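Novice: Sharing a structure with you now.
The values are calculated or read from the model by the stated rules, or taken from the named source; none is laboratory data. Note that the structure is predicted; figures quoted are calculated from it, not measured. Because the Cβ atoms are built from the backbone with ideal geometry, glycine has one as well, and the counts that use them run over all protein chains shown. All accessible areas refer to the heavy atoms of the entire protein, side chains included, with ligands and DNA or RNA removed. Shrake-Rupley method; radii C 1.70, N 1.55, O 1.52, S 1.80 Å.
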Amino acid sequence: MIARRWHGRLPTAKAGKYLELMREVALSDYRATEGNLGAWCLHRADGDVVHVEMFTLWRDWDSIPRFAGEDVAAAKYYDFDADYLLELEPTVIHFEAISG
């Protein structure tokens, strides 16, 4: 199993709408992808910035390109992301996961 983590930062004032979009668009997109085992949107306020982490689990490495494209290390962005995020981080982090 592979865990994939993406991080983004946005102004607190834009967080409510952005988190709604993540729930409606991004989480649905992740979960509809063959090989996805789960998707979560984690967020925390830090002063006037909100940190967002998308944490997803995948059956295997072959599942991830179905969502992310061939360069699985590259972050995948939606059309609306640039309107909310302070920067578009170029990469994600992957972990091999052991379940028990």
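Novice: Can you pull out every residue in region 77-100 that is over 19 Å from K17 (Cα atoms), surrounded by 10 or more Cβ atoms within 10 Å (Cβ to Cβ) and among the charged types (D, E, K, R)?
Specialist: E89, the sole residue that qualifies.
Novice: Quick one: how many residues across region 74-98 are over 17 Å from Y30 (Cβ atoms), in contact with a strand residue (DSSP E or B) (Cβ under 9 Å, 6 or more places away or on another chain) and part of a loop (DSSP other than H, G, I, E, B)?
Specialist: 7
Novice: Report every pair of residues separated by at least 6 positions or lying on different chains whose Cβ atoms are under 7 Å apart, first residue within region 44-70 and under 21 Å from S99 (Cα atoms) and touching a residue at least 60 places away in the same chain (Cβ under 8 Å), second open to solvent by less than 70 Å² (accessible area, probe 1.4 Å) and among the charged types (D, E, K, R).
Specialist: I64/R4
Novice: Which residues, counting only those in region 47-61, are out of contact with any helix residue (DSSP H, G or I) (no Cβ under 8 Å at 6 or more places or on another chain) and either in a loop (DSSP other than H, G, I, E, B) or at pLDDT below 95 (or both)?
Specialist: R59, D60, listed by residue number.
Novice: Moving on to the next point. If L21 satisfies every condition in (1) over 23 Å from E96 (Cβ atoms); (2) open to solvent by 30 Å² or more (accessible area, probe 1.4 Å); (3) out of contact with any strand residue (DSSP E or B) (no Cβ under 7 Å at 6 or more places or on another chain) but one, which is the exception?
Specialist: The one condition L21 does not meet is (2).
Novice: From the list A3, A39, pick out the single residue that is in contact with a Leu (Cβ under 7 Å, 6 or more places away or on another chain), assigned to a strand (DSSP E or B), in contact (Cβ under 8 Å) with a residue 60 or more places away in the chain and surrounded by 15 or more Cβ atoms within 10 Å (Cβ to Cβ).
Specialist: None of the others qualify; the one that does is A3.
Novice: List, please: which pairs have Cβ atoms under 7 Å, are six or more places apart or on different chains, and start with a residue in region 9-34 that is within 13 Å of V49 (Cα to Cα) and among the polar types (S, T, N, Q) and end with one that is part of a strand (DSSP E or B) and at pLDDT 95 or above?
Specialist: If the second residue must be part of a strand (DSSP E or B) and at pLDDT 95 or above, the pairs left are T12/A45; T12/V49; T12/V50.
Novice: Conditions: (1) in contact with a Lys or Arg (Cβ under 8 Å, 6 or more places away or on another chain); (2) surrounded by 14 or more Cβ atoms within 10 Å (Cβ to Cβ); (3) of a type outside the set (D, E); (4) at pLDDT 95 or above. A68 meets all but one. Number of the miss?
Specialist: (4)
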